[in-house]
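J.: Take this structure first; my questions come after.
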């Protein structure tokens, strides 16, 4: 990168064009990964990618979560799941940020699995306000088999893909900073 671009100032909040481009690229990867795996019920890379994004870009991952939800709205329309996405992905990002970067690979595999297992329970919260506790409970219980599949697939995807994607992100960061 030319020297004149490296020394350009960033805004007081640390925002830069480089961050905007990087975040847009990461959003594109996230959206493409979601789209590619859509035919396979409850098998997704979104959880793993948000974990890694939070580790690598910190709080900027919240912006990607909101933008991802907006893109999903353009694809699928607006429904109750939008409310769920607006608190589910930021919750995951917050957990990762609070856990710090020093956690082990196994920690993130378990976090990913638990997030998949309890995804339905956490997503049932809006139904408390729509139809009351019985509707929320029924909605959650009906989805437990899918949550179990989500749990297992999240664990396996994180187990096998965490390190390779993490290393790619590190190399990508090094390339951008060079």
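J.: Looking at 98, 114, 106, which is the one that is under 23 Å from residue 149 (Cα atoms), without any contact (Cβ under 8 Å) to a residue 12 or more places away in the chain and over 13 Å from the mean Cα position of the chain (by Cα)?
T.: Selected residue: 106, the only one of 98, 114, 106 that is under 23 Å from residue 149 (Cα atoms), without any contact (Cβ under 8 Å) to a residue 12 or more places away in the chain and over 13 Å from the mean Cα position of the chain (by Cα).
J.: For residue 164, indicate whether it is under 18 Å from residue 52 (Cβ atoms), loosely packed, with under 14 Cβ neighbours inside 10 Å, free of Cβ contacts under 8 Å to residues at least 40 places away in the same chain and over 15 Å from the mean Cα position of the chain (by Cα). If you could, list the steps in order and put the result at the bottom.
T.: Details: under 18 Å from residue 52 (Cβ atoms): yes; loosely packed, with under 14 Cβ neighbours inside 10 Å: yes; free of Cβ contacts under 8 Å to residues at least 40 places away in the same chain: yes; over 15 Å from the mean Cα position of the chain (by Cα): yes.
Yes, satisfied.
J.: While we're here: Hey, among 27, 45, which residue is touching a residue at least 12 places away in the same chain (Cβ under 8 Å), within 12 Å of the chain's Cα centre (by Cα) and closer than 20 Å to residue 146 by Cα?
T.: Just a single option satisfies the conditions, and that option is 45.
J.: Then there's this: Surrounded by 17 or more Cβ atoms within 10 Å (Cβ to Cβ) and under 21 Å from residue 108 (Cα atoms), is that true of residue 95? Break it down into steps so the answer makes sense when it comes.
T.: Working: surrounded by 17 or more Cβ atoms within 10 Å (Cβ to Cβ): no; under 21 Å from residue 108 (Cα atoms): yes.
Against the criterion (surrounded by 17 or more Cβ atoms within 10 Å (Cβ to Cβ) and under 21 Å from residue 108 (Cα atoms)), residue 95 does not qualify.
J.: Can you name the number of the only condition in (1) under 19 Å from residue 45 (Cβ atoms); (2) buried (at least 16 other Cβ atoms within 10 Å of the Cβ); (3) modelled with pLDDT under 95 that residue 105 fails?
T.: Condition not satisfied by residue 105: (2).
J.: Hey, can you tell me all the residues within the stretch 124-157 that are closer than 14 Å to residue 42 by Cα and in contact (Cβ under 8 Å) with a residue 24 or more places away in the chain?
T.: Residues satisfying the conditions are 144, 146, 147, 148, 149, 150, 151, 152, 153, 154, 155, 157.
J.: Please determine whether any residue of the stretch 19-33 is closer than 21 Å to residue 119 by Cβ, modelled with pLDDT of 95 or more and part of a loop (DSSP other than H, G, I, E, B).
T.: For the stretch 19-33, residues closer than 21 Å to residue 119 by Cβ, modelled with pLDDT of 95 or more and part of a loop (DSSP other than H, G, I, E, B): absent.
J.: OK, next. How many residues, within the stretch 131-145, are in a helix (DSSP H, G or I) and in contact with a helix residue (DSSP H, G or I) (Cβ under 7 Å, 6 or more places away or on another chain)? Let's see the steps before the verdict.
T.: Of the residues in the stretch 131-145, the ones in a helix (DSSP H, G or I) are 131, 133-142, 144-145.
Cutting the leftovers down to in contact with a helix residue (DSSP H, G or I) (Cβ under 7 Å, 6 or more places away or on another chain) gives us 135-136, 139-140, 144.
So the answer is 5.
J.: So, one more: Mind counting the residues in the stretch 34-71 that are buried (at least 18 other Cβ atoms within 10 Å of the Cβ) and part of a loop (DSSP other than H, G, I, E, B)?
T.: Qualifying residue count for the region: 3.
The values are calculated or read from the model by the stated rules, or taken from the named source; none is laboratory data. Nothing here was measured: the structure is a model prediction, and the numbers come from that model. Ideal geometry is used to build each Cβ from the backbone, glycine not excepted, and the neighbour counts take in all protein chains shown.
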